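Report on one structure; see the data block that follows.
Every number here is computed from the coordinates shown, using simple stated rules; none is lab data. This structure is a prediction, so every number in the text was calculated from the model and none was measured. For neighbour counting, all protein chains shown are included, and Cβ atoms are generated from backbone atoms with ideal geometry for every residue, glycine included.
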Amino acid sequence: MQIFFEGDTGKALCERCQALVDIRYQRRDVPFSDGQGEARDILVGVCTGCDSVVAVPPQSTPAIREARRQQLKSIEARLPAVYLDVLDAAMHAVSNDAGANLRKLFLGYYFHALAQAEDAAGLQAVHEAFARSLDEQLRQRDLAAPAATRRLSMKINAHVAQDFLALLQATRMSQTELLKSVIARIQADVFEARDPAVIGDLQRLVHLAV
């Protein structure tokens, strides 16, 4: 593997310039793609024309991953209230003992399962189908789209953070969109597919946690 040094040069595609450009490797503070924090003092390739970061050498990837993991000691997001209602309903359908305090357990299970199976590609489609279903239910009942939101706040360990980071990188979603998509997947597995393997796993986790 080639090791890059500050001052090395090369070429890369620049999204802002929409062209193949000359780059110079420099140390920069690099914001995460979802705007939630940054990795500090990272060697990256910088476009000599517009000064934007256009390349990340392999040697910088572990430092960025660790910075992201440290940033993800907690997950904070404000979601449409209906998403947390659906999550809580799915948890109750799995087990009467599952209270709101076990949201982290259910979401963590899905973060790990999706990350390990590299099965994040279909999340966008699942979420879009779920959103269409919600819109259709509102239309049939002649109801306006609810504006209420609720805050989801979870302290997570390093293992859950690593799985969540892997999904963020694989999907290129924001934290909020990823959480909404995972909740849509939970709804699909529990209420639509009634997946016995998934439901069995979740029931066992609840029995251990309560």
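I need the phi-derived Karplus couplings for region 129-134: 6.51 cos²θ - 1.76 cosθ + 1.60, θ = phi - 60°, integer Hz, Gly and Pro marked x.
Residue by residue, region 129-134 yields 5, 5, 4, 5, 5, 4 Hz.
Could you work out [θ]222 nm for the chain from helices alone, using -39500 (n - 2.57) per DSSP H run of at least four and dividing by all its residues? Round to the nearest 500 deg cm²/dmol.
On the way: 7 runs with 99 residues, N = 210.
Rounded to the nearest 500, the figure is -15000 deg cm²/dmol.
For Ile75, Ile156, Ile3, which order do you get if you count the other beta carbons within 10 Å of each Cβ and list the fewest first?
Final ranking by Cβ density, sparse to dense: Ile3, Ile156, Ile75.
What is the total of Lys pairs in the chain with C-alpha atoms under 15 Å apart, excluding same-chain pairs fewer than 8 positions apart?
Close lysine pairs found across the chain: 4.
Could you give each residue of region 199-204 its phi-based ³J(HN,Hα) in whole Hz, using Karplus coefficients 6.51, -1.76, 1.60 with θ = phi - 60°, and x for Gly or Pro?
4, x, 4, 5, 5, 5
At a Förster distance of 25 Å, what's the computed FRET efficiency of Asp88 paired with Arg65, Cβ-Cβ distance as r, to 0.05?
My answer for the efficiency is 0.20.
Please identify the GluC sites (Glu not before Pro) of region 107-210 that satisfy two criteria: DSSP loop assignment and at most 13 other Cβ atoms within 10 Å. Which are they?
Glu118
What does the charge count around Arg78 come to, taking other residues whose C-beta lies under 9 Å from its C-beta (Lys +1, Arg +1, Asp -1, Glu -1)?
Residues near Arg78 contribute +1 overall.
Where the centre of each part is set by its Cα atoms, how far does region 90-132 sit from region 35-80, in angstrom?
If we compute the Cα centre of each part, the gap is 26 Å.
Would you kindly derive the ³J(HN,Hα) couplings of region 5-17 from the backbone phi angles with the Karplus curve 6.51 cos²θ - 1.76 cosθ + 1.60 (θ = phi - 60°), listing them in order in whole Hz, with x for Gly and Pro?
Coupling constants for region 5-17: 10, 4, x, 4, 10, x, 9, 7, 7, 9, 5, 5, 7 Hz.
Amide H of Ala12: which non-local residues (sequence gap of 5 or more, or other chain) have their own amide H closer than 5 Å, using H built in the peptide plane?
Under 5 Å from the amide H of Ala12: Val21, Ile23.
In nm, what is the difference between 0.36 nm times the number of residues separating Ala158 and Arg40 and their Cα-Cα distance?
Length difference between fully extended and current span is 40.5 nm.
Compute the acute angle (0 to 90°) between the alpha-carbon long axis of helix 81-94 and the principal axis of greatest extent of the alpha-carbon atoms of the chain; round to the nearest 10°.
60
Points 7 angstrom from Cα along the Cβ direction at Arg24 and Asp135: gap in nanometres?
Inter-label distance under the simple model: 4.8 nm.
Of Ser153, Leu87, His207, which is farthest towards the positive pole of region 74-209's charge dipole, taken about the Cα centre with +1 and -1 on the beta-carbons of Lys, Arg and Asp, Glu respectively?
Of the listed residues, the answer is Ser153.
Given N residues in region 42-114, what is its alpha carbon radius of gyration divided by 2.2 N^0.38 Å?
1.72
How about region 5-51: which GluC sites (Glu not before Pro) there lie in a loop by DSSP and see at most 14 other Cβ atoms within 10 Å?
Glu6, Glu15
Mind listing the long-range amide H neighbours of Val56? Cut-off is under 5 Å, sequence gap 5 or more, other chains count too, H placed in the peptide plane at 1.01 Å from N.
Gly45
In terms of the ratio Rg/(2.2 N^0.38 Å) built on C-alpha atoms, what value belongs to the chain?
1.22
Calculate, in nm to one decimal, what Asp8 and Ala148 gain on full extension: separation in residues at 0.36 nm each, minus their alpha carbon distance. Intermediate results must be reported in sequence, preceding the final value.
Details: separation 140, 0.36 × 140 = 50.40 nm, distance 5.13 nm.
45.3 nm is the gain from fully extending Asp8 to Ala148.
Testing the spin-label approximation: label points 7 Å from Cα along Cα→Cβ at Lys73 and Ser174. State their distance in nm.
2.5
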